[in-house]
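Peer 1: Okay, here's the structure, questions in a sec.
Values in this text are rule-based calculations from the coordinates and carry no lab data. As the structure is a computational prediction, the values presented were derived from the model and not from experiment. Cβ coordinates were reconstructed from backbone atoms using ideal geometry, including for glycine residues, and neighbour counts include every protein chain displayed.
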Amino acid sequence: MSNAAVDGIVLAAGRGDRLGLGPKAWLTLGGRTLLERAVTTMRLVADRVTVGVAAGDVERAQAVCGAGAVVVQGGATHRETMVAAFRAGSAPWVLVHDVAHPFLTADLARSVIAAARAGSAAVAAVREAASAYHVPRDGARARLGPNTLWLVRRPFGCRRADFARVLDSVAGEDGLSVLLERVGVHTQLVPASAWHIKVTTAEDWSLAQAIEQQLRPA
């Protein structure tokens with residue numbers, strides 16, 4: 001499958017409230033902003049990259065991304081930003097990433113695209129070796145055995161037509177795989193390395209800095 005068949009979407013409009021360091025897109029890791037890291041990798045696997053940013057960051061983001069990406073104004077929520085970026089493209093396949101996952105590799109992105117193409121949708125996920133508990137807000141907790149828990153990451157890949165069905169017919173702020181499941185589209189899990197983390201809290205950011213230092217060539 002050529003890059004021309006894929007629209008890459010990078011979500012970068014979040015305020016980073018839980019992290020407490022300002023918008024994640026503008027944090028610097030390994031000498032590059034998280035936005036630059038995401039766009040650079042997505043350019044390797046998609047012919048067109050669309051970036052959704054906060055209203056006041058459009059010009060700044062376009063200067064950083066250059067001619068290799070289209071920058072659009074995002075919305076008040078994660079989903080609104082994703083919809084705005086989605087509607088800017090036209091390729092038959094869509095690959096959604098975000099700046100909160102700073103260690104995406106082109107190989108992982110291609111694996112997600114390939115898995116989606118073989119089925120109907122796919123997402124990167126990290127397999128947790130330890131046991132865990134599922135503790136719902138209003139029910140009894142359930143113990144999950146070792147190697148049975150998968151931590152969902154990004155990117156997420158699917159057909160544009162299926163994505164459009166979800167946006168047009170399903171309400172709510174649930175994740176893409178949950179929404180697609182409601183319309184009969186099953187999401188495949190694509191194994192990712194344990195260091196493919198999501199940066200949400202200050203502790204995650206400290207871990208990301210440590211991982212970057214370890215991955216940096218000697």
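Peer 1: Once amide H atoms are built 1.01 Å from N in the peptide plane, which residues 5 or more positions from THR187, or in another chain, come under 5 Å H to H?
Peer 2: none
Peer 1: Here is a follow-up. How long is the gain from ARG32 to LEU167 if the chain were fully straight, where each residue apart is worth 0.36 nm and the alpha carbon distance is subtracted? Present the calculation step by step, with values, prior to reporting the outcome.
Peer 2: Working: separation 135, 0.36 × 135 = 48.60 nm, distance 3.27 nm.
Full extension from ARG32 to LEU167 adds 45.3 nm.
Peer 1: A further question on this structure: Quote to one decimal, in nm, the extra length available between THR200 and ALA63 on full extension: 0.36 nm per residue of separation minus the C-alpha distance between them. Don't skip to the end; give the middle numbers.
Peer 2: Values: separation 137, 0.36 × 137 = 49.32 nm, distance 2.57 nm.
Value of the extension gain: 46.8 nm.
Peer 1: Another question, then. Viscosity 1.002 mPa s, temperature 20 °C: Stokes-Einstein D of the chain from its Kirkwood Cα radius, in µm² per second? It would help to have the intermediate numbers written out before the result.
Peer 2: Numbers: Rh = 17.8 Å.
Rounded, D is 120 µm²/s.
Peer 1: To the nearest 500 deg cm²/dmol, what mean residue ellipticity at 222 nm is calculated for the chain from DSSP H runs of n ≥ 4 alone, each contributing -39,500 (n - 2.57), summed and divided by the residues? Walk me through the numbers before you get to the answer.
Peer 2: Working: 7 runs with 72 residues, N = 218.
It lands at -10000 deg cm²/dmol.
Peer 1: With just the Cα atoms defining each centre, how far is segment 178-205 from segment 36-109? Give it in Å.
Peer 2: Segment 178-205 and segment 36-109 have Cα centres separated by 17 Å.
Peer 1: Please report, in Å, the Rg and the Dmax of segment 127-215, where both are computed over Cα atoms only.
Peer 2: Rg, Dmax (Cα atoms, Å): 16.3, 45.
Peer 1: Separate question: If each residue's Cβ is checked for other Cβ atoms within 10 Å, how do VAL152, VAL45 rank with the fewest at the top?
Peer 2: VAL152, VAL45
Peer 1: Quick check on the exposure proxy: order ILE113, ILE9 from fewest to most C-beta atoms within 10 angstrom.
Peer 2: Exposure proxy ranking, most exposed first: ILE113, ILE9.
Peer 1: While we're on this one: Run the dipole for segment 3-215 about the Cα centre, Lys and Arg Cβ at +1, Asp and Glu Cβ at -1, nothing else charged, and hand back the magnitude in debye, nearest 20. Working shown, then result.
Peer 2: Numbers: 23 positive and 19 negative charges, 58 e Å.
With only Lys, Arg, Asp and Glu charged at Cβ, the dipole is about 280 debye.
Peer 1: In addition: So for MET82, MET42, fewest C-beta neighbours within 10 Å to most, what's the order?
Peer 2: Numbers: MET82 23, MET42 27.
By the 10 Å Cβ count, ascending, the order reads MET82, MET42.
Peer 1: Once phi is turned into θ = phi - 60°, what whole-Hz ³J(HN,Hα) does the Karplus curve with 6.51, -1.76 and 1.60 give for every residue of segment 39-47, x standing for Gly and Pro?
Peer 2: Whole-Hz 3J(HN,Hα) from phi for segment 39-47: 5, 4, 6, 5, 4, 6, 10, 9, 6.
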